[in-house]
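Below: the structure, in structure tokens.
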Amino acid sequence: AYANSKGVKLPENWMDQLNEVRFQALKVIPGMVNLVKDLQRQGFQTALLSNVRQSRAEIKSKLGYYELFQPVLFSYEIGVSKPDPKAYYILLNRLGMPAEVVLFIDNKIANIEAAKSIGMDAIHFVNTNQLIEELQQRGIHVSFRNN
């Protein structure tokens with residue numbers, strides 16, 4: 001509609017071209033897949049609470065990014081976004097766990113503060129090596145090394 005309003009004719013496969021650019025723009029954080037798998041081998045449940053847009057979530061899903069997590073909660077599906085405490089309560093309800101036994105990891109300080117405000121422990125994610133150190137400080141042994 002926007003292109004039409006500007007008098008621009010898009011090629012028929014413009015959505016395919018856009019999705020290809022989106023696929024290429026997604027980057028896996030080095031070491032994170034191995035770290036998550038290591039934690040799962042130790043019996044830790046790994047869940048995901050994300051504010052990702054639906055279009056991006058669909059692309060990531062096709063690439064298998066969410067297969068490591070259970071449950072996977074998207075703000076657009078649950079009707080509330082981080083850092084609203086309601087999002088964290090929905091997560092806790094799905095997990096069937098009290099806040100005190102959940103470790104929340106996020107790259108945004110506001111989300112970390114919100115998780116802590118309802119009783120979760122939380123780590124501000126900067127990079128994989130920093131996360132490994134923070135986990136070990138909490139007594140969570142990580143055998144994976146991100147070199």
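The values are calculated or read from the model by the stated rules, or taken from the named source; none is laboratory data. All values derive from a computational prediction rather than experimental measurement. Note that each Cβ is placed from the backbone with ideal geometry, even for glycine, and that neighbours are counted across all protein chains shown.
Worth a mention:
- Members of segment 52-79 found to be touching a strand residue (DSSP E or B) at 6+ places or on another chain (Cβ under 8 Å) and either buried (at least 16 other Cβ atoms within 10 Å of the Cβ) or free of Cβ contacts under 8 Å to residues at least 24 places away in the same chain (or both), listed by number: VAL52, GLN54, ALA57, TYR66, PHE69, VAL72, LEU73, PHE74, SER75
- Failed condition for GLN136, given (1) within 19 Å of GLN42 (Cα to Cα); (2) surrounded by 16 or more Cβ atoms within 10 Å (Cβ to Cβ): (2)
- Residue that is surrounded by the fewest Cβ atoms within 10 Å (Cβ to Cβ) [pool: residues in segment 93-133 that are hydrophobic (A, V, I, L, M, F, W, C) and free of Cβ contacts under 8 Å to residues at least 12 places away in the same chain]: VAL101
- Hey, THR128 touching a helix residue (DSSP H, G or I) at 6+ places or on another chain (Cβ under 9 Å), over 30 Å from MET15 (Cβ atoms), β-branched (Val, Ile, Thr) and modelled with pLDDT under 95 or not: yes
- Answer residue from segment 37-55, given it is within 12 Å of the chain's Cα centre (by Cα) and not small (Gly, Ala, Ser) and is farthest from GLY96 (Cα to Cα) among those: ARG53
- Boolean, LYS60 is out of contact with any His (no Cβ under 8 Å at 6 or more places or on another chain) and either under 23 Å from VAL142 (Cβ atoms) or at pLDDT 90 or above (or both): no
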